[in-house]
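We did not get these values from a lab; they are worked out from the coordinates using the rules stated. Because the structure is a prediction, the values reported are computed rather than measured. Positions of Cβ are generated from backbone atoms using ideal geometry, with glycine treated the same way; all protein chains shown enter the neighbour counts.
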Amino acid sequence: MELVFDFFEDHVKAAAAVKARRPLALGVLCFMLGALGFFTAQELSGRLVLLPFGGIGFALFLLWELGAGLVMVAVLHLIADFQGRPGSASELFVLFGMAQLVWGLAVPAVLVLLALAPTWRWPAGAAFLLLGLASLSLKARSIQDTYQVSLGRAWFNLILPYLALLLASGLAFLLAAAGLFMRFAEALNG
C-alpha cells in the first residue's frame, strides 16, 4: 500500500521502488481495480451498452484492459528503445497499472452526480473525461520516470501510438470507401 500512496505523493520514490522490486502482481492488481471501478461506474451511469453487467462481462473487459495495457507498454518501450532510452517495460507496466487506479474514483463521482442531477447524462461523461485525462497524465509521468525523458517527450511518446492507430484507421476507411466506389462504378458501367 505504501508504494501505491507514494505513486500519488512522491512519484520519483515510487518509480525507484518499482525499479528495484518490479512487483508485476501489483501492476496486474491495480489494472484489475481500475477496470472494476470503470466497469461499475459505466453501469451505474447507464453507459455500459456493449457488455452485460456481471462476471462474464467484467472478465471480458478485464482481459481487454490487461491486453491493451500490455500492448501499449510494449509499443511505448519499443519507441523508447528506438530513441536510445534505457528503461524497463515491466516497470512501466506496474506504473501504468497504478495510473489506472484513478478509475476507482469514477464510482463515487458517478454516485454523487446521479444524486445531484439524476436526469442529466453529460455530467457523468464529463467526469469520465476528467478521470481519463488524469489517468493519461499519470501515464505520461510514468513514462518520464521510467525512461528519464522530459514531460513533453513523455506526452509525445504516449500520444504517438494513438495517432498511429487513428491514421491507420483513417487509411483503412479511405481504402474501403475507394473500393466501394470502384465496385459501384463497375456496376454502373457493367
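Quick notes
- Highest-MSF residue in the chain out of Gly97, Gly179, Gly34 [GNM, Cα springs under 10 Å]: Gly179
- Inter-centroid distance (Cα atoms) of the range 133-188 relative to the range 27-65, Å: 24 Å
- One decimal place: the segment Leu175-Ser137 gains 10.3 nm when fully extended, by the rule 0.36 nm per residue minus the C-alpha distance.
- Relative packing of peptides 108-115, 165-172 - highest average C-beta neighbours within 10 Å first: 108-115, 165-172
- Matching label, Cα extents along the principal axes in Å computed from the structure shown, candidates (i) 71, 50, 30; (ii) 55, 32, 31; (iii) 63, 38, 34: (i)
- With contacts taken as Cα pairs under 8 Å at a separation of at least 6 residues, the chain carries a relative contact order of 26 percent.
- Residue-wise HN-Hα couplings along the range 154-168, as the Karplus relation 6.51 cos²θ - 1.76 cosθ + 1.60 with θ = phi - 60° gives them from phi, are 5, 5, 4, 5, 5, 7, 4, x, 5, 5, 4, 5, 5, 5, 5 Hz; Gly and Pro carry x.
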